[in-house]
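Below is one structure, written out as structure tokens; comments come after it.
The values are calculated or read from the model by the stated rules, or taken from the named source; none is laboratory data. Please read all numbers here as calculations on a predicted model, not as lab measurements. Counting neighbours? That spans all protein chains shown, and the Cβs are built from the backbone with ideal geometry, glycine included. Heads up: the accessible areas ignore ligands, DNA and RNA and are worked out on the full protein's heavy atoms, side chains in. Shrake-Rupley method; radii C 1.70, N 1.55, O 1.52, S 1.80 Å.
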Amino acid sequence: MAEIVQQRIEERIPELEQLERVGLFTKKEVKSIIKRATALEYKLHRLIVNKEDFIAYIQHIHYQFKREEIEFPIIHRINSIFRRATNKWKDDVQLWLSHVAFCKKWATKGQISKVFSAMLAIHPDKPALWIMAAKSELEDRNSSESARHLFLRALRFHPNNKKVYKEYFRMELLHCEKLRKQKEELEKAEMDLGEYEFAPEILNGKLAEVVYKDKRKNIFKNVKTNYTEDSFTWDFMAKRELEAPGAGAELQSAKGRASDINRREERCCQVYEEGIKSLNTEPMWTCYVAFCLERVKRKTNVQELKEKKAITLVYGNSQHDVPLCDQLQILLSSGDAEGAASVAMAATQRFSQSVSVWSLSLQTLIQLGSGDVSRLFQDALTLVNPKESLPLWQQQVQWSMANQSPEETEAVFKRGLLSAVAAVAMEMKQRYLDWSYHTGGYKKARKTFTSLQENRPLSKAFFTRMIEIEKEQETPKMNYLRDYYERALQEFGTSDDDLWLQYIQEELGPLGQPENCGKIHWRAMKFLEGESVQRFTSKYTLHQTGHL
């Protein structure tokens, strides 16, 4: 071992002598370097070798000077040590990447390719490394051919990897754009292009197009083979029929183009119907009807598509609520108000417990101005599961505010307040308070708040909205704000650290008394429980130091 170490040290002597001659190091410093290098070399030749020893040696050799006469041998030595390290720890990707980074920094472009080649031989299962290597060939070595070769090899290992395809496609586009610019610059300079090759196929992006089509073909094949139990697959395959190329001669006339579109739509419907035979589920029907609706909206003569087999199938055979709801949109789009109203009523009878059906049916009837909407809301709220009824309450309140008298709207709110479902009662309280403020002003809002502040369940939003209303007044009253905070803290003071912090900030504001903050802080520390204590302490400290 000693002979090998001595040989490696002797190999370094000429470059160290050169360092001394050019004045970068003194004789004493050179001796110190040799001593340190000898110790490191011995470490690298022990029976049990540590990766850290290699890295320490590399860092020892590294220097910041650009003297041509000494640069090459040192770079060569570092590369050699990196090779020894990666041979020892082949699985350490980070070590390989450190070698790549060194090569890039010191412009050893030829060495980069060798490092990547060796790394990919060990790690062909990592798509990111193939992409990195290909980009390096393009960006560092300006070799589109090498980059293309690497991408093609990567696709043999990872034929379905979207990222590899995406980056390959991007590379071809960049290469195409680069060649175009080069050609334009040469033409501007009026230079002879004879010795340069600018293939029209490449300039026109044909290679990129090949990559794109190859990617699409693989995706289609994979989807069709592995995902036929998913409605998205059938939806995707059906809509693909719309993109199928038509006959060139036929497309020259408006009539021919219309005929071609009709044929494509028919093919789409055939795929959807095949999908429904294979997968008769609600999502499958939803996709089919959504397609019909989208095509109806595109056509000027919607009756033609309405009468197609697709719509007939949906009306007659669907056993699911979502497609039936979508029929309302189809009928409304076609201007069939009577049909839409009929389907809406039928939907509420057929799916009397479905919140989504009631919501859309009511929306349709409101839009058409037909039926006793108030009674229908009552029926809906009686039939659906109360735990799922919140959207209907929200819809009813919205409708009532727009179409009924204030007394009737207030009655709706008060019915909602009596709900046994906490989410409904809390939502109605907050909306009732907000409505009171906008219709009756501050006094009515105060009256509503006072009447409801003891009626549980309560939400934090109910109290914070009253605080906002108070602060919107021309002369807000701090004693009222304190009352609101104190009442809110009775409900949420054991867990809501933000509420305590907001109270403190209020006292520090122009209306408050800063001397009260210490007492509020003490109470917060006493009442808060669990993790909320730590959160409060951290936020309060940040606030005190001006970081919050």
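Within the accessible surface of region 87-169, defined with a 1.4 Å probe on protein heavy atoms only, the carbon and sulfur portion equals 53 percent.
The length gained by stretching the chain between Lys105 and Lys255 to full extension, at 0.36 nm per residue less their Cα-Cα distance, is 47.6 nm. With R₀ fixed at 30 Å, the C-beta to C-beta distance from Arg535 to Ala128 puts the FRET efficiency at about 0.20.
Of the accessible area of region 331-478, computed with a 1.4 Å probe over protein heavy atoms only, carbon and sulfur atoms account for 50 percent.
Projected onto its three principal axes, the C-alpha set of region 385-456 covers 36, 31, 14 Å, listed from the longest axis down.
So if R0 is 22 Å, what FRET efficiency would Glu338 and Gln394 give, r being the distance between their Cβ atoms, rounded to the nearest 0.05?
Between Glu338 and Gln394 the formula returns 0.20.
Exceedance of the 30 Å cut-off in Cα-Cα distance is limited, within the set Lys477/Lys519; Lys31/Lys114; Lys90/Lys135; Lys239/Lys387, to Lys31/Lys114; Lys239/Lys387. Hey, can you find the accessible area per residue of region 117-182 for me, probe 1.4 Å, expressed in square angstrom? I get 52 Å² per residue for this part.
Here, P(r) means the percent of Cα pairs in each 10 Å bin from 0 to the largest distance; for region 75-126 it is 27, 61, 12, 0. Using a probe of 1.4 angstrom and keeping all protein chains present, the accessible surface of region 375-484 works out to 51 square angstrom per residue. Each distinct pair of alpha carbons in region 405-538 adds a 1/r term; the inverse of their mean, the Kirkwood radius, is 15.9 Å. Using 0.36 nm per residue and subtracting the Cα-Cα separation, the extra length available between Glu145 and Thr38 on full extension is 34.1 nm.
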